[in-house]
1. So residue 149 fits all but one of (1) closer than 22 Å to residue 40 by Cβ; (2) surrounded by fewer than 18 Cβ atoms within 10 Å (Cβ to Cβ); (3) in contact with a helix residue (DSSP H, G or I) (Cβ under 6 Å, 6 or more places away or on another chain); what number is the exception?
2. Please list, ordered by first then second residue, the pairs with beta carbon atoms under 7 Å, 6 or more apart or interchain, first in segment 151-173 and part of a loop (DSSP other than H, G, I, E, B), second loosely packed, with under 15 Cβ neighbours inside 10 Å.
3. Determine whether segment 102-114 contains at least one residue that is free of Cβ contacts under 8 Å to residues at least 12 places away in the same chain and assigned to a helix (DSSP H, G or I).
4. Answer yes or no: is there a residue in segment 22-31 that is out of contact with any strand residue (DSSP E or B) (no Cβ under 6 Å at 6 or more places or on another chain), surrounded by 11 or more Cβ atoms within 10 Å (Cβ to Cβ), free of Cβ contacts under 8 Å to residues at least 12 places away in the same chain and not in a helix (DSSP H, G or I).
5. Can you spot a residue in segment 45-53 that is surrounded by fewer than 22 Cβ atoms within 10 Å (Cβ to Cβ) and more than 21 Å from residue 148 (Cβ to Cβ)?
6. Given the conditions (1) exposed (fewer than 14 other Cβ atoms within 10 Å of the Cβ); (2) assigned to a helix (DSSP H, G or I), report the number of the one that residue 134 does not fulfil.
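Read-outs throughout are calculated quantities, based only on the coordinates presented, and are distinct from any laboratory measurement. What you are looking at is a predicted structure, and each value in this text was computed from that prediction instead of being measured. Please note: Cβ atoms are built from the backbone with ideal geometry, for glycine as well, and neighbour counts cover all protein chains shown.
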């Protein structure tokens, strides 16, 4: 229950900050640069969706082997997998939803830029086309990403664990708690 409250507050704060920054940035960009930024926002959502999917599909066994061979990022890989619910929620829902909302707002700004640059009379048609492009890129990208995540789960976990290790070692930012492996046969009361 505590996690739900924490993630809800963080989502609100993160969405507010990112929305303000992106909207101010997008308004000051030319059409081409704004389109590039929009594509980067969509790509960010897809990348985090890939990580969230990989974490839920991952198995600890290969990372135990890495840990026994003193591979530095193995500890972080195990933390990712043991916190799969939290990581998946953050990557797929928090970042994914924020990227979706911001890409919609960015699309609106791009529509306004197109209308003002090219003097289109029917804004609704341009808006529908841009919204449809954004939706198809997001859904198509996430569908491809999920397939990739399921095929390359361990590589994705290794990559994400290296980033976590860098954040921890270089900046002192430890994002995930150390959870012990769940014992088999133990039932959780709901």
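1. (2)
2. Short answer, once both residue conditions are applied: 173/167.
3. yes
4. Looking through segment 22-31, at least one residue is out of contact with any strand residue (DSSP E or B) (no Cβ under 6 Å at 6 or more places or on another chain), surrounded by 11 or more Cβ atoms within 10 Å (Cβ to Cβ), free of Cβ contacts under 8 Å to residues at least 12 places away in the same chain and not in a helix (DSSP H, G or I).
5. Within segment 45-53, not a single residue is surrounded by fewer than 22 Cβ atoms within 10 Å (Cβ to Cβ) and more than 21 Å from residue 148 (Cβ to Cβ).
6. Against the list (1) exposed (fewer than 14 other Cβ atoms within 10 Å of the Cβ); (2) assigned to a helix (DSSP H, G or I), residue 134 comes up short only on (1).
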